[in-house]
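The values are calculated or read from the model by the stated rules, or taken from the named source; none is laboratory data. Since this is a predicted model, take the numbers as computed values, not measurements. Using ideal geometry, Cβ is built from the backbone for each residue, glycine included, and neighbour counts are taken over all protein chains shown. Note: areas computed on protein heavy atoms with side chains; ligands, DNA, RNA excluded. Shrake-Rupley method; radii C 1.70, N 1.55, O 1.52, S 1.80 Å.
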Amino acid sequence: MQSFLRDWPFPGLVLALALLMWLAPWRRSAGRSRWHDPAWVLPLLWPMYLLHQFEEHGIDLLGRRYPFLADLCVTLGHAGDLAHCPVDEATLCAINVGGCQIVFLTTLLLRRRAPAVAAFGWGVPLVNALLHIGGSLAHMAYRPGLFTSVVLFLPLGVWVLRTLVRAGVLRPVQIAWILVTGVVMHAVLMASLLLVGKGMLSHDAALVINVLNGFVPLAIGLWLGRTPNAR
């Protein structure tokens, strides 16, 4: 179990390659390129994010192994003090193997039946990219996850949203709600870690919260679909 808490990015990388191989043979749909097909671009979220997770928690561009734990502890004010940092390997596993995979699986399963709901999963990488870029600029240094944020998250995220709007799946105003979804998920994550650090939330409760956090895009997407005033 202890080994899995650190090594999960490696099977994640294998899964990313398997998903890309599954998506690669898809042909044109209704006379249009698959790059303009919502059912094809939506599930790109899963392999794309798995590649990002490998840069964060597997091996980053500087060759560092499992680099994000120390990086996040610095953000939380525990530089060089992992023993007192509210984040540990189990926390990162709950966030990335639990909550994130729920988001990705939901996006994949709803890509045809409810693409407007599936689209809300894309708020996660878009907001995450801004946080990575902002953090790296603030420190004027490379931080794990920056490369895939710039090369994958931003261009693919913008393209997918553009595709969904042009296909009539989303209206432009709904893009703001997708970004709000990403903000909410990151806010829940950071709030849980800060509360653990202050002794106001147990470690186990934080694990459960960060797994259940993966249902936020689904919940917001369904709520907007049933609330005309919100749309």
Item to check | Principal-axis tilt of helix 154-166 within the chain, Cα atoms, nearest 10 degrees | outcome: 30
Item to check | From the C-alpha gyration tensor of the chain, square roots of 5λ in Å | outcome: 30, 20, 16
Next on the checklist: How compact is segment 90-135 by the rule of thumb for globular proteins, expressed as Cα Rg over 2.2 N^0.38 Å?
Outcome noted: 1.30
Checklist entry - Using unit Cβ charges (K, R positive; D, E negative) and no other charged atoms, how large, in debye to the nearest 20, is the dipole of the chain about its Cα centre? => result 1280
Item to check | Length-normalised contact order for the chain - Cα pairs under 8 Å, 6+ apart - percent | outcome: 24
Next on the checklist: Kirkwood Rh and Cα-based Rg: tell me the resulting Rg over Rh for segment 141-190, rounded to two decimals.
Outcome noted: 1.06
Checklist entry - What Cys residues in the chain have no fellow cysteine's beta-carbon under 4.7 angstrom? => result Cys93, Cys100
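Pull out the extension gain between Ser33 and Trp159, defined as 0.36 nm times the separation in residues minus the alpha carbon to alpha carbon distance; nm, one decimal.
44.0 nm
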Next on the checklist: Computing the accessible area with a 1.4 Å probe over protein heavy atoms, can you report the carbon and sulfur percentage for segment 14-166?
Outcome noted: 68
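Give me the percent relative contact order of segment 49-118, please, defined on Cα pairs under 8 angstrom at least 6 residues apart.
It rounds to 15 percent for segment 49-118.
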Checklist entry - Roughly how many Å² is the accessible area per residue of the chain, as a whole number, for a 1.4 Å probe? => result 48
Checklist entry - When ranked by the protection proxy of mean other Cβ atoms within 10 Å per residue, highest first, what sequence do the peptides 165-172, 89-96, 109-116, 47-54 form? => result 47-54, 89-96, 109-116, 165-172
